[in-house]
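In what follows, a structure is listed as C-alpha cells, so that the remarks can point back to it.
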Amino acid sequence: MTISHSAETSPRCLIAASLLLLAVIVCIIYSNTFTVPFVFDDRINITRVPAMHMTELSWENIKTAVQEAHSEYRPLPNISFALNHYFHGLNVTGYHMVNISLHLMAGLFLFLFVRQTLLIHGLPQKPGYTISPEVLAFSAALIWIVNPVNTRAVTYIVQRMTSMAALFFILSLLLYAWGRARWRAHGRITVNSGIAFSGCLLAGICAVISKQNAGMLPIFILLYEWFFFQDLSISLSKKQLGWIIAGLAVFSAIVLLYLGANPFERILSGYTRREFTLPERVMTEWRVVIYYITLFFYPFPGRLNLDHDYPLSVSLMQPQTTLPALGAIAALVILAIYLAPRHRLIAFCLLWLILNLIIESSVISLEIIFEHRTYLPFMLLPLAFACLIFRLIQPKVLAPAVVCIIALIFSVWTYQRNITWQDGAGFARDHLLKSPNKARPNMEMGVYLAHSGKYDLALQHLYKALQLNPTGRVIVNTYTNLGNVMVRKGRLKKAIEYYQKALAMEPGHQSARENIKKVKAFMEKNAEF
C-alpha cells in the first residue's frame, strides 16, 4: 500500500474537508452535554474553590487561581477554570463549550500529526492499491475522536486537565515532526523549522503544566526521531548522543519537579493513605491495562463507569488473570520491537500506547483505574487499527465502509453515554448500580438524595460509605456530607461532630471549617439548640 495524492482532489481540499467533517461530527455527538451539571471532583476543583471564582480579570487573580487551586501542579487548566468563571460564572454551558473545543482541537492536531508522519515515512507497499495520507489520517482521527471512552475526559468538566495535556502533547510532536522534516529537506535549520521547534517547546511546556502524565513527551520526541528520521539506526554521532542526553535530562527534571529530590520516598509515602500496597497496585495495573485496551475496541456505554470496582491482585496468581496480563503486555512490547523494521507505524503506535500508560499505571499511588487515563494513550492506537483495516479488508472499497460503520457505532454510543451524564442524580444511580460496594458511589448517592430532601435514605448510603472503609478525600467528604444532612435534620451537635471528624483528617478542609462556624453561630442565637 503506497501513499499518493489524488489527481482530481488537491491535498489542501482534502485537509479542509477532513477538518470540517471532524468538527461537525464532534459537535453532533457532544451536542447533548451543554447542560451536564458539575459532578464529583468538579466541586472540589471548581465550585468550592474561591480562587476559581474570578470576577475581575487581573494578573493578581490569575496568580491566585494558580497558587490556591486544589490541583497545584496543573496551573494551565486552573487558569482556564478561573477564566470560565469570569465569563460564565457557574453556568456549565460555557465550561462544556471549552471542553468540547479542546477535544475537537486535539482531534484536528491528531489528524495533522498522522498525516505529517505518513508524509515522512509512508506506508508499506501493497501492489495495486494506493491511499492518500489524508484518508488514512482522517480514519485514525475519526475513530479516536468519536470513541465513547473519551467522554470521561470531555464531558467531565474537571478532566479538561487530561484533554489539555493531550492536546498540547500531540501539538508539540506535530510541530517537531513538521520542523524536523523541513530541517532534513534543507539540510539546515531554516526560519520555518526554527519557529516550529520554538512552538514545539512552548506546547511541550503547556502540556506538562496541564497534567503530569505529559512528562513522557521528551521520551517520545526521541523515539519519534529514532523511528522516522534515524531509520532505527543504533550508531550514534556525538551530536545525536548529546540530543539524547538532553532529552533524558529534561525528562529527569520533570520527574524531580513533581516527585521531589527523593522520588522513591515520595512514591512510597503515598501508599500510607491507600487501601492497597505498591506491589498490589503494580500487579493490578497489568490487568487494568488489558482492560483499557478492551475498552478501546468495545466501549459500550454499559462498560463505562466513573469509579470501577476493580478487584486487586494480591499475588501473581490471585486472581488468575494477573500473570497472563503481564504476559500480554510483554507480548505487545515484543511485537512492537519485532514489527519496527518492517511495520514501523504499527510498532510506534503500540509503544505509544504502552509508554503513555506507564506514569499512571505503574508505581505512583493513584486510584487503581480511571477511564480518562486512556485519552492520550489511545490517540495513535486508531492509526494501527486503520492501517490493518485498509491493508487486510478485501475488496478494497469495503475498507472505508468498515471505518464508517465503526465510527457510526462509536458515535451513537458516545451520544448515549452523554445522556447518562445529563442528570446528576441519574449519573450517580448509574455509578452506584455498577459499583455498589464502593464508598464513593454510595457517598455521591447520599448527596443527591439529600438534595432531594430524602434525608433518611441519604444517611443510609452515607453510613454504608463509611462501612466500606474509604480513604483520602472520600472519607473526609463523607463526614462533611453527613454533617450537612444532620444540619438539615436539625441535629446540629451531631453535625458539628461529623465536621470535626472531617477536619481531624484534613485540617485544611475549608467547607467543614466554615460549616462549623455557621452552625455554632446559629446555635448561639437560638438557645433551644
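At a glance:
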item	result
Residue selected from segment 82-103 under the condition over 17 Å from the mean Cα position of the chain (by Cα) and of a type in the set (A, V, I, L, M, F, W, C), by the criterion least open to solvent (accessible area, probe 1.4 Å)	Ala82
Ser139 being outside any loop (DSSP other than H, G, I, E, B), of a type in the set (Gly, Ala, Ser) and open to solvent by 10 Å² or more (accessible area, probe 1.4 Å)	no
Matching option when the condition is in contact with a Ser or Thr (Cβ under 9 Å, 6 or more places away or on another chain) and not in a helix (DSSP H, G or I), among Pro400, Pro470, Pro441, Pro382	Pro470
Residues that are closer than 19 Å to Trp421 by Cβ and not in a helix (DSSP H, G or I), drawn from segment 75-112	Leu90, Asn91
Every pair of residues 6+ apart whose Cβ atoms lie under 6 Å, when the first sits in segment 321-335 and is under 14 Å from Thr284 (Cβ atoms) while the second is surrounded by 15 or more Cβ atoms within 10 Å (Cβ to Cβ) and small (Gly, Ala, Ser)	Thr322/Ser313
Residue tally, condition part of a loop (DSSP other than H, G, I, E, B) and either under 30 Å from Tyr258 (Cβ atoms) or open to solvent by less than 30 Å² (accessible area, probe 1.4 Å) (or both), over segment 29-53	10
Breaking point among (1) part of a helix (DSSP H, G or I); (2) open to solvent by less than 60 Å² (accessible area, probe 1.4 Å); (3) modelled with pLDDT under 95; (4) more than 30 Å from Gly260 (Cβ to Cβ), for Leu119	(2)
Failed condition for Gly199, given (1) more than 22 Å from Ile359 (Cα to Cα); (2) open to solvent by 50 Å² or more (accessible area, probe 1.4 Å); (3) within 23 Å of the chain's Cα centre (by Cα)	(2)
Residue within segment 145-163 that is open to solvent by 10 Å² or more (accessible area, probe 1.4 Å) and of a type in the set (A, V, I, L, M) present	no
Only listed residue being free of Cβ contacts under 8 Å to residues at least 24 places away in the same chain, part of a loop (DSSP other than H, G, I, E, B) and open to solvent by 20 Å² or more (accessible area, probe 1.4 Å), chosen from Glu56, Glu72	Glu72
Every residue from segment 484-526 that is open to solvent by less than 10 Å² (accessible area, probe 1.4 Å), under 33 Å from the mean Cα position of the chain (by Cα) and among the small types (Gly, Ala, Ser)	Ala502, Ala512
Scope segment 11-28; condition in contact (Cβ under 8 Å) with a residue 60 or more places away in the chain and open to solvent by 10 Å² or more (accessible area, probe 1.4 Å); matching residues	Pro11, Leu14, Ile15, Ser18, Leu19, Leu21, Ala23, Ile25, Cys27, Ile28
Wholly within segment 149-255, helices (runs of 4 or more DSSP H) carrying at least 2 residues that are without any contact (Cβ under 8 Å) to a residue 40 or more places away in the chain	160-186, 191-208, 217-228
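The values are calculated or read from the model by the stated rules, or taken from the named source; none is laboratory data. Model, not experiment: these values are computed from the prediction. Please note: Cβ atoms are built from the backbone with ideal geometry, for glycine as well, and neighbour counts cover all protein chains shown. The protein model used for the area step is the full one, side chains on, heavy atoms only, and it has no ligands, DNA or RNA in it. Shrake-Rupley method; radii C 1.70, N 1.55, O 1.52, S 1.80 Å.
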